[in-house]
1. If you rank TYR430, TYR384 by how much accessible surface each has, with a 1.4 Å probe, what is the order from largest down?
2. Hey, could you pull the Cα Rg and Dmax for the stretch 1-115, both in Å?
3. Under 5 Å between amide H atoms, partner at least 5 residues away or on a different chain: which partners does LYS158 have, H built in plane at 1.01 Å?
4. Can you give the FRET efficiency to the nearest 0.05 for TYR384 and LYS425, using r as the Cβ-Cβ distance and R₀ = 30 Å?
5. Averaged over every viewing direction, what's the projected area of the C-alpha convex hull for the stretch 327-437? Give it in nm², one decimal, please.
6. Straight-line reach from LYS425: which aspartates and glutamates have Cα under 20 Å away, leaving out those fewer than 8 places along the same chain?
7. What percentages make up the Cα-Cα pair-distance distribution of the stretch 103-161 when the bins are 10 Å wide from 0?
8. What is the Cα radius of gyration of the stretch 55-205 over 2.2 N^0.38 Å, N being its residue count?
Amino acid sequence: MTRYLKTGASMDVRAEADRKVRETVEKTLADIETHGDATVRELSEKFDNWSPSSFRLTQKEIDQAIAEVAEQDLEDIRFAQAQIRRFAEAQLASMQNVEIETRPGVILGHKHLPVNAVGCYIPGGGYPMVASAHMSVLTAKVAGVKRVVAAAPPYKGKPHPAIVAAMHLAGADEILVLGGVQAVGAMAIGTESINPVDMLVGPGNAFVAEAKRQLFGRVGIDLFAGPTETLVIADESVDGLLCATDLLGQAEHGTNSPCTLLTNSEKLAQETLSNIEMLLKKLPTAEAARQSWETYGEVIVCDSHEEMLQVADDMAYEHVQVMTENPDLYLNKLTNYGALFLGPRTNVAYGDKVIGTNHTLPTKKAARYTGGLWVGKFLKTCTYQKVLTDEATTEIGSYCSRLCALEGFAGHGEQANERVRRYGKRDVPYASAVPAL
């Protein structure tokens, strides 16, 4: 039986917050559509106190920013990017073009074609999310995207040097110092000074996520993403301090980041709750972490691993950290999650920053139908067909003609009939089905 020792905010409370965000974003995007650069500049001044002559950095400004980054920090960025590049290249190598002769003279195939232009948003308001540059810009370039625009808000009144360095080292073609809805709106819609892109990717706050949702269709997006979610699945093979550390480590993302402990041990649950209170007295980011934990944190106790599997699949969380005696049980049986972190030696922070998998992942139960950002998201799988012989087009055309007649599509049928007449030398009355041989 599932028991909740602690619950988070109700769905009604969350829905009302979503509604307010939705209305604000809708008006903002409409203003960008109408007024272009003027609205973008107005919003940048309002929210970031930032209004340079150009939001796009010159090469000289990029070099100046990189020069401010400590050599050890640059080396760490290069190390992280090497891990992410290696995994993305391995994923790309697994995606093969296909060509097959399905019938004599009938060739079908597909090719993986990169998107031409991508806008990558890198959050930098509350925390400078250096790692998001690796995850989006670098992965897009590995996929072969020709034009990658990277945007991040100013930090303490100027471009954040480490974010600029990460963008540049990852291969960004254009770097914008611009944040929030104004950044993703400008990249998707285009303004007098910013050419539009074909796709938007990258995490962001609730307003950025909602802007991407509203822009979907006009441009592609990586996925619908909300606040960071973390589910720690644990049994008594670990202790409450480790569980508490991993829950609060993600709660600090913001004030609305759901973090849940799922366990089959009430003893571990109580120990974790005690350790959370102890750590909140020491954690430098305790203000945000406490608000997230108190409003959205949950502790769930189940009777068995089988019950925990069922609950975890229903939750479909973004990050699922498994610290149990047999973590492979969850690897083999879980079906709904953004990313899995298996065993006590790994954790969500590894995936967020350095280990090589992508940290842009589905939230709000989107893991039921999609995975996270990866090199394949930047590729369009496009099909083609070739019919090489008169015999082949006559055979396929005959079937097509009759199937079109079945559906009442006379014009479609004539496309087939004309091939049968020309290449099959058969007398087919106009807008009639080809008789079977």
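The values are calculated or read from the model by the stated rules, or taken from the named source; none is laboratory data. Just so we're clear, the structure is a prediction, and the values are computed from it rather than from any experiment. Note that we place each Cβ from the backbone using ideal geometry, even for glycine, and neighbour counts take in every protein chain shown. Keep in mind that these areas ignore ligands, DNA and RNA; they rest on the heavy atoms of the full protein, side chains included. Shrake-Rupley method; radii C 1.70, N 1.55, O 1.52, S 1.80 Å.
1. TYR430, TYR384
2. Here Rg and the maximum Cα pair distance are 25.0, 66 Å.
3. none
4. For TYR384 and LYS425, the calculated efficiency is 0.65.
5. 12.6 nm²
6. ASP390, GLU391, GLU395, GLU414
7. 21, 36, 21, 11, 7, 4, 1
8. Against the empirical 2.2 N^0.38 Å value, I get 1.20 for the stretch 55-205.
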